[in-house]
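Everything below concerns the one structure shown next.
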């Protein structure tokens, strides 16, 4: 084998190894960013290192795969939608109470679908796998709820929180938020 051929083969091997070494993590990062949305950035802030954040997100995916998540039957989904309508009507007279009821309704839907409903942070981690974007809004709603408990939230803040809850609720029912807005 000539020296030139050895050099070319060595360069090719190094190029493939470099592409693998740098490309695979970049592809993994992009996949996690797409899947988790704002939750990816939140994990980066929480763990302080990209490696630890991505390890945590991958672990969430593994735990999610181990769950037996099921769709709701149409009749049960319809009952939940009726409960949400009643909750919205309740908001007019008692916004704070309606907000608490929204959170409880989301927890019941989660339970019926097979999601864990124990510790709030564990629930949020599991939900982040499929609902990262609406979960960000749900977190905002929870923050508004905390402000309300401190007497610092306006009725408009509570209305916004209810809309944030509705986004997650709607997705948990298996419907897209825009389909609900169109009445489908």
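The values are calculated or read from the model by the stated rules, or taken from the named source; none is laboratory data. Since the model is a prediction, treat every value here as computed from it, not as a measurement. So basically every Cβ, Gly included, is an ideal-geometry build from the backbone, and we count neighbours across all protein chains shown.
The helices (runs of 4 or more DSSP H) found entirely in the stretch 40-151 that carry 3 or more residues being in the same structural domain as residue 170 (by TED's automatic domain parsing) and in contact (Cβ under 8 Å) with a residue 24 or more places away in the chain are 74-93, 95-113, 120-149.
Selection of the stretch 19-36 for residues being under 14 Å from residue 52 (Cα atoms) and modelled with pLDDT under 75 yields only 25.
Residues in the stretch 94-109 that are buried (at least 18 other Cβ atoms within 10 Å of the Cβ) and over 14 Å from residue 145 (Cα atoms): 105, 106, 109.
Reported count of residues in the stretch 152-162, each being free of Cβ contacts under 8 Å to residues at least 60 places away in the same chain and touching a helix residue (DSSP H, G or I) at 6+ places or on another chain (Cβ under 8 Å), is 3.
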